[in-house]
Amino acid sequence: MPGDGTARPRGRRSGHVYVNAVRYRLRRFEELTGTSLDAPDTAVELSWAVAARELGTPPRGPAPAGFQ
C-alpha cells in the first residue's frame with residue numbers, strides 16, 4: 001500500500017538479482033573487453049554507452065573486442 005514505508009520496485013524489468021550473478025557478469029565484461037571497471041575512463045565510457053543505448057543513439061567507432 002502506498003505510504004506504508006515499503007519500497008516497491010517499478011518498471012518492466014524489476015526483480016531480484018543475485019550478487020554472485022552481478023559479480024560474474026562484471027568480471028565477464030572485463031574479460032571480453034580487456035578493460036578494467038576500476039579505471040575511471042572505462043566507467044565514464046561505459047556510462048555514455050548505456051545512455052546512448054537507452055536513447056537509441058547508434059554507437060560510434062569500432063566495437064570493443066568480443067562485441068558486435
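FYI, it's all coordinate maths here, none of it is from the lab. These numbers come from a predicted model, not from an experiment. Here the Cβ positions follow ideal geometry from the backbone for every residue, glycine too, while neighbour counts run over all protein chains shown.
Any idea how far apart Phe29 and Ala49 come out in nm if each label point goes 7 Å out from Cα toward Cβ?
My value for the distance between the label points is 0.8 nm.
Calculate the FRET efficiency for Asp38 and His16 from the Cβ-Cβ distance with a Förster distance of 35 Å, rounded to the nearest 0.05.
Details: r = 26 Å, r/R0 = 0.75.
Once rounded, the FRET efficiency stands at 0.85.
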